[in-house]
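To keep things clear, I will list the structure first and then write my remarks on it.
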Amino acid sequence: MTGNRDVLVVGGGGYIGQHLVRRLCASGRQITVLDRRPVVPDLTAGVEYVQGDYAERDLLIKLLDRHQDVIHLAYATVPNTSFQDPLADLLQNLPPMVQLFAEAAARGNRVLFVSSGGTVYGASDRIPICEAHPTKPVSPYGVTKLTQEHYAHLYAATHGLKFICVRPGNAYGEGQQPFTGQGFIPTAMASAMKGLPIKMFGENGTVRDYIFITDLTEGICCALERGGLSETYNIGTGTGRSNREIIDVLRPLMKEIDCNIIVENLPERVFDVKANVLDSTKLREHTGWEPQVDFAEGLIRTRDWLRSFYA
């Protein structure tokens, strides 16, 4: 399953996508990005960019015919917006994904798609969470992601779809824009830089598995290159940190650049899973992947990148 296969990256203009494309290019592959954004800054030289929606069947077919592998990152909502309009979350994200599975199965493309380690499991009865843990999502976002996984298994069993699924932890690092509804760390840092309070839902917030962006993209590539078909892989560090713990670590780091942290405590949100920490033993054993960036180093790199915009 290795080799210089051409890769179509659906949603490759986003935060994870741009980092992933750089990693893929370094491996010598020919890369095409399909994304709805009209302009993507800093796209790696030599990458073909196609503006469009993968829900457009004719466009999708043309691109599938030219590529062997597909990495799917596109998603139209975030957990917050999915809760506000569950039906829109379902209609915007599920039909085009099922169409992708059908067309890829018909052509023999291999599809790696990014699900969600933070939402598909729901409340956990043990930490860290392995892939065999029960899946009982409590947000529409998680329900739709899990349904996509079920359709992948359906098309594998009935149409021969070749797929790999990854469930990542909470990515952070350079390039992640704050105030988007995802990404507690850059939003907390940028809030301090702008003199705004950091919103924390509940007394200590939620516990999440924060993984540096380059470790995440390396995990995706390892799953693509050495993972097994019809397998699902967690990509996380195995260490959980609450919002309160993150803020305590950030205080001295932000003080170094003369920024103070103010916290605004808000009520817990019903769709927030209290704790989500991922066991990535399976990915390690199948591919040899290991996270490389220490948490403190990752925070400093993130802070220094944000300073050019907000400090």
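Every read-out reported here was derived from the displayed coordinates using simple, explicitly stated rules and does not represent laboratory data. Quick caveat, the model's predicted, so the values are computed rather than measured. Cβ coordinates were reconstructed from backbone atoms using ideal geometry, including for glycine residues, and neighbour counts include every protein chain displayed.
A quick yes/no check of all residues on (1) loosely packed, with under 15 Cβ neighbours inside 10 Å; (2) in contact with a strand residue (DSSP E or B) (Cβ under 7 Å, 6 or more places away or on another chain); (3) farther than 29 Å from Arg5 by Cα; (4) of a type in the set (Phe, Trp, Tyr):
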position: Ala188; (1), (2), (3), (4): no, yes, yes, no
position: Met200; (1), (2), (3), (4): no, yes, yes, no
position: Glu231; (1), (2), (3), (4): no, yes, no, no
position: Arg241; (1), (2), (3), (4): no, yes, yes, no
position: Met254; (1), (2), (3), (4): no, no, yes, no
position: Asp272; (1), (2), (3), (4): no, yes, yes, no
position: Trp289; (1), (2), (3), (4): no, no, no, yes
position: Gln292; (1), (2), (3), (4): yes, no, no, no
position: Arg303; (1), (2), (3), (4): no, no, yes, no
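Within the range 122-145, is even one residue of a type in the set (Lys, Arg), under 18 Å from the mean Cα position of the chain (by Cα), part of a helix (DSSP H, G or I) and buried (at least 17 other Cβ atoms within 10 Å of the Cβ)?
Yes, the range 122-145 contains at least one residue that is of a type in the set (Lys, Arg), under 18 Å from the mean Cα position of the chain (by Cα), part of a helix (DSSP H, G or I) and buried (at least 17 other Cβ atoms within 10 Å of the Cβ).
I'd like the full set of residues that are over 18 Å from the mean Cα position of the chain (by Cα) and buried (at least 20 other Cβ atoms within 10 Å of the Cβ), limited to the range 64-89.
If we filter the range 64-89 for residues that are over 18 Å from the mean Cα position of the chain (by Cα), which is where we start, we get 64-69, 83-88.
The answer is Leu64, His67, Asp69.
For (1) within 13 Å of the chain's Cα centre (by Cα); (2) in a helix (DSSP H, G or I); (3) free of Cβ contacts under 8 Å to residues at least 12 places away in the same chain, each residue gets a yes or a no:
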{"site": "Phe163", "(1), (2), (3)": "no, no, no"}
{"site": "Ala171", "(1), (2), (3)": "yes, no, no"}
{"site": "Gln177", "(1), (2), (3)": "no, no, no"}
{"site": "Pro186", "(1), (2), (3)": "no, yes, no"}
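State whether the residues of the range 155-166 include one that is touching a strand residue (DSSP E or B) at 6+ places or on another chain (Cβ under 6 Å), crowded, with 20+ Cβ neighbours inside 10 Å and under 21 Å from Asn243 (Cα atoms).
Within the range 155-166, not a single residue is touching a strand residue (DSSP E or B) at 6+ places or on another chain (Cβ under 6 Å), crowded, with 20+ Cβ neighbours inside 10 Å and under 21 Å from Asn243 (Cα atoms).
Using the structure shown, decide if Ala55 is among the aliphatic types (A, V, I, L, M), surrounded by 15 or more Cβ atoms within 10 Å (Cβ to Cβ) and in contact with a Lys or Arg (Cβ under 9 Å, 6 or more places away or on another chain).
no
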